[in-house]
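First up is the structure itself, then whatever we jot down about it.
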Amino acid sequence: MPLSFTASPLDFSGLERPNTDWLRAQHEHKDAQIVLFHGLDLIEAQPSTPMVAAIRFISMDDLDSLGPIYLGQVEGTPWFAASLAQAHGEKPAWNFRAATMALPHDIAAIAGRARALLAWHGRRRFCSNCGGHNHPKDGGLRLQCGSCEMEHFPRIDPCVIMLVHCGERCLLGRQANWPDGAYTTLAGFMEPGETIEEACAREVYEESNQRVIKTEYIASQPWPFPSSLMIGLLAEITPDQEVIARDDLEDARWFDRESLRTLLDGPLKAMAPDHYSISRLLLKTWLDRGV
Ligand SMILES: [Zn+2]
C-alpha cells in the first residue's frame, strides 16, 4: 500500500481552474461531490464512513469557510471540500488522524489535501499585508485581498525526517510524551537559507550531537497536520561522536537490526499502521538493505 496522503486520485486541474466559467460548471456538475469537515476533523456520516455528499444538496449558508474549495477531479467527477459551521447531530467530529488511519487510501489522500487547504483558509481570512478581507480565487487554491489586492498562496512547511545510521546500527530518538519504549526517526522543520542536506545535518547535530557525512533521499509525504511536506532521508554519520539527546528529544539510542525488528513489531505498530508515516518506510528501507 502506498504511503498515506500520497498518490492522490485527484487531478488538480491546474490549467483549467483559473477559468471561472469552467469552475462554475464544476460546481454545477450533477455528480459533484463535497467532503465535509467540522473544524479540521472529518464528519462521520455512518460508522467509519466520512460525510461525502452531492454538493447540490449542501446550502452554502451552512459553511464555516470562505466557500467550498475545489480539490480536483476523480475520473471526471469534481470534488470539493468545506467545513460546516455546526457539528453534525450529537456526534463529535471524527478525529482526522484516527479517521485517515482507518479510511481507504484514496479517500484519505483526498481528505489530506482538503484538510491542508481548509487549515490555510482558516488562518488567512484576512490579508497579512493590510488586514483586509481575503477572497478565494481559482476555486480556493489562491486568495486575494479585496483591499490591497495582494495574492496569497497555500502554505507548505517542508520538514526533513531521517534515519541516522552508521554501519550495522541506526540511531533513533524519543519524545517524553510517547508511549513507553517507542523510538523513531529524527525530524525537524527546514529553515530559510538551507538545502535539504544542510537541514538534515543541522537537525541531526542539534538533536543527537552527530555529524552527517552522507545524505540519501528516499521519498516524500504530504503531512496534513496542518500542511507539512515530509522529506524522507537516510543520513550516514561518522562513528566517533558521543550521542547526546537534546532539543525536543528525551532520549536517543542505538538499535541493531534485531532490536529494530522488535521495535517495529511492538511499540511502533501500536502507534500507527505501517503505511501511515514515512518514518516506518525509512526504518524498513534500512532494515531491508541489511538482509
Ligand atoms: Zn491586503
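The values are calculated or read from the model by the stated rules, or taken from the named source; none is laboratory data. All values reported here derive from a predicted model rather than from experimental measurement. Cβ sites come from the backbone with ideal geometry, for glycine too, and all protein chains shown count toward neighbours. For the accessible areas, the whole protein counts, side chains as well, though only heavy atoms, and no ligand, DNA or RNA atoms are used. Shrake-Rupley method; radii C 1.70, N 1.55, O 1.52, S 1.80 Å.
Quick notes
- Apart from one condition, residue 158 fits all of (1) open to solvent by 20 Å² or more (accessible area, probe 1.4 Å); (2) within 16 Å of the ligand (Cβ to nearest atom); the exception is (2).
- Residue pairs meeting the criteria (Cβ under 6 Å; at least 6 apart or on separate chains; first outside the structural domain of residue 70 (by TED's automatic domain parsing), in the stretch 123-139; second open to solvent by 70 Å² or more (accessible area, probe 1.4 Å) and within 9 Å of the ligand (Cβ to nearest atom)): 127/150; 129/150; 130/147; 132/147
- Residue match in the stretch 262-277 (condition: surrounded by 20 or more Cβ atoms within 10 Å (Cβ to Cβ) and in a helix (DSSP H, G or I)): yes
- Residue that is nearest to the chain's Cα centre (by Cα) [pool: residues in the stretch 130-147 that are within 14 Å of the ligand (Cβ to nearest atom) and open to solvent by 50 Å² or more (accessible area, probe 1.4 Å)]: 137
- Assessment of the stretch 250-257 against the conditions (open to solvent by less than 40 Å² (accessible area, probe 1.4 Å) and over 20 Å from residue 209 (Cβ atoms)) yields at least one matching residue.
- Those strands (runs of 3 or more DSSP E) of the stretch 1-77 in which 3 or more residues are in contact with a helix residue (DSSP H, G or I) (Cβ under 8 Å, 6 or more places away or on another chain) occupy 33-38, 69-74.
- For the stretch 20-59, residues that are over 26 Å from residue 223 (Cα atoms) and either exposed (fewer than 14 other Cβ atoms within 10 Å of the Cβ) or among the aromatic types (Phe, Trp, Tyr) (or both) total 12.
- The conditions of being at pLDDT below 95, within 16 Å of the ligand (Cβ to nearest atom) and open to solvent by 20 Å² or more (accessible area, probe 1.4 Å) are met by residue 123.
- Against the numbered list (1) more than 16 Å from the ligand (Cβ to nearest atom); (2) not in a loop (DSSP other than H, G, I, E, B), residue 86 comes up short only at (2).
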